[in-house]
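For reference, the structure discussed in these notes is given below.
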Amino acid sequence: GHSCFSGVSARMIANCFGTDTVSFSSTSPDKVVWPAHLKNLRRSWHSIWQAAEENGASRIYGGVHWNKDNTQGLSIGKRLADYVYHNAFVKRG
């Protein structure tokens, strides 16, 4: 699930922006539940896809999935986003 969601989200954003090369950073989203050493930790990425790959890898590190689950999920998400972008959106102007 996480890899599919990450793949489709990252690819759709890249399709809409016209590029995947978008640098951004973020801090830990939960200031209460996260362990103290992770609070206010800042992560940075040089592309949207890099963040999607890291999100999928987190499920491997957590012992929830295998690497193949991650790569297949990202691939499915990418293909789904491309299909929706090219077939469901109406291009204007």
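The values are calculated or read from the model by the stated rules, or taken from the named source; none is laboratory data. The model shown is predicted, which means the values in this text are computed figures rather than measured ones. So basically every Cβ, Gly included, is an ideal-geometry build from the backbone, and we count neighbours across all protein chains shown. Keep in mind that these areas ignore ligands, DNA and RNA; they rest on the heavy atoms of the full protein, side chains included. Shrake-Rupley method; radii C 1.70, N 1.55, O 1.52, S 1.80 Å.
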Straight distance only, please: which aspartates and glutamates reach the Cα of LYS91 with their own Cα at less than 18 Å, same-chain residues fewer than 8 apart left out?
ASP82
Near-label residues of the range 38-78 by backbone N, under 18 Å of a point 7 Å along Cα→Cβ of VAL22
43-56, 77-78
When only alpha-carbon atoms are used, what values of Rg and Dmax, in angstrom, describe the chain?
15.1, 50
For LYS78, counting only aspartates and glutamates whose alpha-carbon sits under 13 Å away and dropping same-chain residues fewer than eight positions off, the answer is ASP20, GLU53
Tally up the carbon and sulfur contribution to the accessible surface of the chain as a whole percent, 1.4 Å probe, everything protein left in place.
58 percent
Only Cα pairs under 8 Å and at least 6 apart count here; give the relative contact order of the range 2-93 as a rounded whole percent.
45 percent
Tell me which DSSP H helices of the chain clear both cut-offs, 27 Å or more of axial length from alpha-carbon atoms and a mean Kyte-Doolittle hydropathy of at least 0.0.
none
Measuring with a 1.4 Å probe in the full set of protein chains, what accessible area per residue, in whole Å², belongs to the chain?
71 Å²
Multiply the residue separation of LYS91 and SER58 by 0.36 nm, subtract the distance between their alpha-carbon atoms, and state the gained length in nm to one decimal.
8.3 nm
Which FRET efficiency value, to the nearest 0.05, is calculated for TRP66 and SER9 with the Förster distance at 30 angstrom and r the Cβ-Cβ distance?
0.90
